[in-house]
Amino acid sequence: MATRQAWAGWAAVLAAAALLAAPGCSSQAEPPKELKIDLGGAVTMKLALIPAGKFMMGEEKGPHEVTISKPFYMGVTEVTQAQYEAVMGTNPSHFKGATNPVEMLTWNDATEFCKKLSEKTRQAVRLPTEAEWEYACRAGTQTAFSFGEDPSALGDYAWYRANSGWKTHPVGQKKPNAWGLYDMHGNVWEWCADLYGEYPKGPVTDPSGSATGDRGYLVLRGGSWIRADAGAFRCASRSSNGPSVCDFSYGFRVVVSVSAPGL
Ligand SMILES: [Ca+2]
C-alpha cells in the first residue's frame with residue numbers, strides 16, 4: 001500500500017509540474033523545470049532540469065568537447081540521510097543528521113539506492129555520468145569553479161576544511177550554482193556512474209566513461225569537507241576509488257531521465 005501511495009504521489013507531482021510548465025494551449029509542452037519525488041514518510045527529493053548543451057571537459061588534462069544531447073534532471077542536493085533511509089531502511093553515515101548528506105556508502109550502495117528508487121517510482125533513476133556531473137557543476141561556465149576563477153570565494157559555495165569544522169553539514173546551506181544545484185563543490189565527494197580512465201581524444205556525445213577503467217575504480221567528483229586544497233574543488237577535478245570502498249567523505253546525488261511518462 002505504501003508503494004501505491006508513493007506512485008500516486010509521484011504521478012500527482014508530475015501532473016502538477018506539467019500544468020505549471022505548459023500554460024495556454026502550446027502543442028509541445030516544455031518539461032517541468034523541477035521534479036519532486038515522494039519517497040514516503042513525508043520525505044521528498046527535489047531535482048532540477050538541466051538543459052542539453054556543449055562544454056569543454058577536462059581542463060588542462062585532455063580537454064575535449066562534450067555534447068550532452070538530452071536534458072535531464074539532477075538532484076539539487078546530495079542525497080540526505082533521511083532520503084537514503086526512506087529508500088534503503090538503513091543509514092550508514094558517520095556524521096548523523098537527517099538533512100546531512102549520507103556518507104560511508106560505497107559505489108555499490110549508491111547504485112543499489114538508484115535501483116530501488118527506480119523500482120519505487122518506475123523512473124530511470126541513476127548516478128550521473130562523469131560528463132553530466134561536470135556539465136551540471138559548471139552550469140554554463142568554463143571557469144575553474146562555477147563561481148569564477150577566484151578560489152577565495154570557495155567558502156560561499158562549499159564546505160571544505162577551512163570552514164567545515166571537520167564534519168559534513170546539512171545540504172543546501174551554501175550558495176547554489178547558476179542552475180540551482182547546491183554543494184557541487186564540497187561537503188561530500190559524489191560518486192558518478194563511470195569507470196575512471198583516460199578521456200577520449202576528440203569530441204564526444206553523451207560519453208559514459210572509460211571502457212576499461214583503471215583498476216576498476218569509479219569516478220568521484222567535487223571535493224569534500226576534509227580537503228583543504230582549492231584545486232580539489234575545481235569543476236574538472238577528478239578522484240576515484242573502488243566500488244566497495246566507503247568513506248565518511250563520500251556521498252552521491254542522482255539523475256532522472258526527462259523521458260518520464262507524462263512529460
Ligand atoms: Ca558535494
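Things to note:
- Coordinate range along principal axes, alpha carbons of segment 145-263, Å, largest first: 41, 38, 29
- Descending by average beta-carbon neighbour count within 10 Å, the peptides 194-204, 164-174, 245-255 line up as 245-255, 164-174, 194-204, the highest first.
- Ranked list, fewest to most other Cβ atoms within 10 Å of each Cβ, for Trp107, Trp189: Trp107, Trp189
- Residue-averaged 222 nm ellipticity for the chain, from DSSP H runs of 4+ at -39500 (n - 2.57), nearest 500: -6500 deg cm²/dmol
- Sorting Met104, Met184, Met74 by the number of Cβ atoms found within 10 Å of their own Cβ, with the fewest placed first, yields Met104, Met74, Met184.
- Thr205, Thr121, Thr99 arranged by Cβ crowding within 10 Å, fewest neighbours leading: Thr205, Thr99, Thr121
- Cut-off 18 Å, label 7 Å out along Cα→Cβ of His94, residues of segment 158-182 by amide N: 159-171
- Computed over segment 33-257: relative contact order in percent, which uses C-alpha pairs under 8 Å that are six or more apart: 27 percent
- Calculated FRET value between Lys115 and Glu60, using beta carbons and R₀ = 30 Å, to 0.05: 0.25
- Size descriptor, Kirkwood hydrodynamic radius, that averages inverse alpha-carbon separations across the chain, Å: 18.6 Å
No lab work stands behind these numbers, since they all come straight from the coordinates. As the structure is a computational prediction, the values presented were derived from the model and not from experiment. Glycine gets a Cβ as well: all are built from the backbone with ideal geometry, and neighbour counts include every protein chain shown.
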